[in-house]
Amino acid sequence: MTILSTKSKRSRFERIAIVDRFDIPLLVAVAALLGIGILLVYAATRDWFASFGGDPEYYLKRHALNIVIGLLLAFGTTLIDYRLLRAYTPFVWGIAVLGLIAVLIPGIGATVNGARAWIALPGGLQIQPAELAKIAIIVGIAMVLAEKHDGYEEPQAIDVLQALAVAAIPVLLIVLQPDLGTTAIIGASVLTMIAVSGAQLRWSVGLLALAGLGAFAAIKLGVIAQYQLNRLQSFVDPTADPQSTGYQLRQARITIGSGGLFGKGLFNGPQTNGRFVPEQQTDFIFTVAGEELGFVGCGIIIALYIIILWRAFVIARRANDLFGRLVCLGVTAWFGFQIFENIGMTLGLAPMTGVPLPFLSYAGFCLIATLIGIGLLLNIRARS
């Protein structure tokens, strides 16, 4: 009894010590963005939902629930030494692949905005297996590239090929949904991890060339849906699809620009309250910030993102092993590319791809996966 009590106390003290080593600037930046996100989601949905008799706090409550679930899973991620996560990687990868197969089966997968990427659950909940695949691919590739063979310090050709195989099957299934935004995010993470792992430069150059050829082949073979082609055309020429994607991009720019320096005030944006920008609570949440918080508010949001990416780089540099370093950089590339793509999309600097803004958007399972990514960073920081 005494031995069990001693072990229990030791385990409790170890958990407290791990929490004490969490990265405080990272936690503060994430908490601030989550708080701002709650306000922006509420601002984007309260009048719209109430206009047809719905609960004005419907999206607010669901968003808050997603945050709570994500924070609990993020904390749970920190309790297991990240080096032991290798043992669970094949299981998580397998679950993600099975989920990606399931969404393509009629009657199981739910189609939203042209992509069959969700599995609907009772109570209105939805699971997006592609988000789980992001985590599985990052940890799986890190595990493969961190292995040392025959005294070589840098990954060999067989290691890189195995790492690409880890990503290839999930990515192919995601392309078939089709979800090109998530495909691009995963591609950015994979390329970054291979480039910094010590693998020869020809692999990175070859992957970039392969990505270009793959995009060209997808267009020619009809894998890319017509609505996705319309998005690309609207990026080049906003007048090309004036009733759909062109309208959305034009209204997004008008909404952001109307905020001026300090914005029109929270909950006081006429464009937002008038619902001129479709999907504003998800992919176009940055337009709410632009209109209601202005240039200053948007600058603060971008500064918080820079803090998160900076701390992720610092954690990667301090990691004790290549596995931890690669996981950190894979998560950093995921966050960085998705932030740039979403904000660039709303400003007309990048094509529309349907990816939410991390920590701010009403994004369900995507938000949960993002917080798990933060949990991985904290895990590595606490044990380095």
How high is the FRET efficiency from ILE101 to ALA303, r the C-beta distance, R0 35 Å, rounded to 0.05?
0.30
Amide H of GLN126 versus every other amide H placed in the peptide plane: which residues, excluding those fewer than 5 positions away on the same chain, fall under 5 Å?
LEU121
Going residue by residue through segment 314-319, the Karplus relation 6.51 cos²θ - 1.76 cosθ + 1.60 with θ = phi - 60° gives ³J(HN,Hα) values, rounded to whole Hz and with x marking Gly or Pro, of 4, 4, 4, 5, 8, 4
Descending packing, highest mean Cβ count within 10 Å first, for 186-193, 72-79 is 186-193, 72-79
Below 8 Å between Cα atoms, with a sequence gap of 6+, how large is the relative contact order for segment 136-204 in percent?
38 percent
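How long are the semi-axes of the equivalent ellipsoid of segment 167-218, taking √(5λ) for every eigenvalue λ of the Cα gyration tensor, in whole Å from largest down?
On the way: eigenvalues 84, 31, 12 Å².
Those come to 21, 12, 8 Å.
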Give me the net charge for the shell around LEU27: Cβ to Cβ below 11 angstrom, other residues only, Lys and Arg +1, Asp and Glu -1.
+1
Just the number: Rg to Rh for segment 25-382, Cα atoms, Kirkwood Rh, two decimals.
0.96
Relative contact order of segment 58-150: what whole-number percent is it, with Cα pairs under 8 angstrom and at least 6 residues apart?
23 percent
Cα convex hull of segment 237-384: mean projected area in nm², to one decimal?
9.3 nm²
R0 = 22 Å: FRET efficiency of ARG275 with ALA31, Cβ-based, nearest 0.05?
0.15
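Remind me, relative contact order of segment 25-382 in percent, using alpha carbon pairs under 8 angstrom and six or more residues apart? Please report the intermediate quantities before stating the final value.
Numbers: 534 pairs, mean separation 96.2, N = 358.
Over segment 25-382, the number comes to 27 percent.
With the cut-off at 1.5 for a/c, could you classify segment 38-102 from its C-alpha gyration tensor as rounded, prolate or oblate?
Judged from the Cα gyration tensor, segment 38-102 comes out oblate (a/c at least 1.5, b/c at or above a/b).
Subtracting the Cα-Cα distance from 0.36 nm times the residue separation, let me have the gained length for LEU213 to LEU261 in nm, one decimal.
Details: separation 48, 0.36 × 48 = 17.28 nm, distance 4.27 nm.
Here the segment from LEU213 to LEU261 would lengthen by 13.0 nm.
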To the nearest Å, what is the center-to-center distance of segment 40-54 and segment 323-345, using C-alpha atoms only?
31 Å
Along the Cα→Cβ direction, 7 angstrom out, place labels at VAL296 and GLN156. What is the inter-label distance in nm?
6.0 nm
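Laboratory data are not the source of any read-out in this text; all were calculated from the coordinates shown. Model, not experiment: these values are computed from the prediction. Positions of Cβ are generated from backbone atoms using ideal geometry, with glycine treated the same way; all protein chains shown enter the neighbour counts.
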